[in-house]
Amino acid sequence: MNMVYRVSIDRLACIACRVAPDLCPNVFVLGEDNGKNRLVEAYSSKTSNDVSTGVIPEELYACARKAAAACPVQAITVDAT
Ligand code: SF4
């Protein structure tokens, strides 16, 4: 069975540096609402001004983790569900 992973972005902490969407464009995009990082529509279960959460498939785990590790303000978490 394929694993899925829960992703959460603290959009209040995000400084819109673009590292996340650059490293993992299949998961992250800067929102048109406030310019800050969010999960792409396909994987977002909730995106508001202060948080974006959702679930991604296993094949996107590595790049999501890479973005989380590179985020300068530790705004991204990726956890096994
Ligand atoms: S790497 Fe962090 S600060 Fe930069 S856009 Fe992504 S969530 Fe925002």
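Looking at region 27-45, can you tell me whether even one residue there is of a type in the set (Gly, Ala, Ser) and in contact (Cβ under 8 Å) with a residue 24 or more places away in the chain?
no
Name the residue, out of Asn34, Asn49, Asn26, that is of a type outside the set (Phe, Trp, Tyr), in contact with a helix residue (DSSP H, G or I) (Cβ under 9 Å, 6 or more places away or on another chain) and assigned to a loop (DSSP other than H, G, I, E, B).
Asn26
In this structure, is Arg65 of a type in the set (D, E, K, R) and either within 12 Å of the ligand (Cβ to nearest atom) or at pLDDT below 95 (or both)?
no
Please go through region 52-67 and give me each residue that is outside any strand (DSSP E or B) and of a type outside the set (A, V, I, L, M), ordered by number.
Correct list: Glu58, Glu59, Tyr61, Cys63, Arg65, Lys66.
The values are calculated or read from the model by the stated rules, or taken from the named source; none is laboratory data. Given the structure is predicted, the values throughout are model-derived calculations rather than measurements. Ideal geometry is used to build each Cβ from the backbone, glycine not excepted, and the neighbour counts take in all protein chains shown.
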